[in-house]
Amino acid sequence: MSSYKEGQINQLANSLEAEGFTSEDITKLGQFKKLSDIRGLFRGTHEIKQVRYLIDCDTNPFVPEGWKVEQHDKGGQLEWNLEKVKLYLSKNQKDGKCIGGNKLRKELENKPVLNANVLDYLLKNPHLIPEEWKSKYVFFWGTVYRSSDGSFIVRYLYWDGVEWGWDYYWLVLDFHGVLPAVVLAS
């Protein structure tokens, strides 16, 4: 039997909910092996330090066997921050419309698209991928490849119901509303 009062538990639950904690977060908190470290925050013996996730967007991207890099937009050191990225849809991808991949590529030329280095980093750090992306195929237009048959292709990130993976799509095909590009937010 807990020695905590019901009012204390309710106050904690209300505060956690106000800060956006989900029921999954509460479960993880209850299973957390180092709760004493959290107690140390209140007692002044511990501190919170935010983890920075830096992605080198200037390095050469992963190139699958038989492919070549047609275009790779370098982007320096990118600190991954969900507030600084967004999913972009062309007006020609909205409301049930489609746009050809080559036309979309032209449209994206002046947009701050992210390259395949970001895709590969996210695959190695899947906890950084937002839940909202699970219902989409997120394209990294900053790297365009040429396949072994000479076709232009772009890689995308997708959720298969169990884990994150990548695949590719030909630019000769149409792009519709569940195929956004990931770009830096302005």
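Any read-out appearing in this document is the output of simple, stated calculations on the displayed coordinates, not a laboratory observation. Fair warning: this is a prediction, and the values are worked out from it, not measured in the lab. Here the Cβ positions follow ideal geometry from the backbone for every residue, glycine too, while neighbour counts run over all protein chains shown.
Mind giving me the FRET efficiency for residue 147 and residue 124? R0 is 22 Å, r the Cβ-Cβ distance, nearest 0.05 is fine.
0.40
Specify the residue with the greatest mean-square fluctuation among 36, 15, 135, computed from a Gaussian network of the chain linking alpha-carbon atoms under 10 Å apart.
15
Extension gain residue 24-residue 176, at 0.36 nm per residue separation less the Cα-Cα distance, in nm?
Result: 51.5 nm gained on full extension.
No solvent, one uniform scatterer per C-alpha: report log10 I(q)/I(0) for the stretch 4-77 via the Debye equation at q = 0.28 1/Å, two decimals.
For the requested q values the scattering log ratios are -1.36.
Round to the nearest 0.05 the FRET efficiency obtained for residue 162 and residue 71 when R0 = 30 Å and r is the Cβ-Cβ distance.
The value I calculate is 0.40.
Output the relative contact order of the chain, whole-number percent, from Cα pairs under 8 angstrom with separation of 6+ residues.
After rounding, I find 24 percent.
So what's the back-of-envelope 222 nm ellipticity for the chain, counting only DSSP H runs of four-plus at -39500 (n - 2.57) apiece and dividing by all residues, rounded to 500?
Helices in the chain give a 222 nm mean residue ellipticity of -7500 deg cm²/dmol.
Can you tell me which of 22-33, 175-186, 56-67 comes out highest on packing, and rank the rest after it, using the mean Cβ neighbours within 10 Å?
With the highest mean Cβ count within 10 Å placed first, the list reads 175-186, 56-67, 22-33.
In what sequence, highest mean first, do 98-108, 158-168 appear when ranked by Cβ atoms within 10 angstrom?
Ranked from most to least packed, the peptides come out as 98-108, 158-168.
Specify, per residue and in Å³, the volume enclosed by the convex hull of the alpha carbon atoms belonging to the stretch 54-184.
Taking only Cα atoms, the stretch 54-184 has a hull volume of 109 Å³ per residue.
Run the numbers on the stretch 106-186 and let me know its relative contact order in percent, using alpha-carbon pairs under 8 Å that are six or more apart.
In percent, rounded to a whole number, it is 33.
Given 20 °C and 1.002 mPa s, how large is the Stokes-Einstein diffusion coefficient of the stretch 117-170 in µm²/s, with Rh as the Kirkwood radius over Cα pairs?
183 µm²/s
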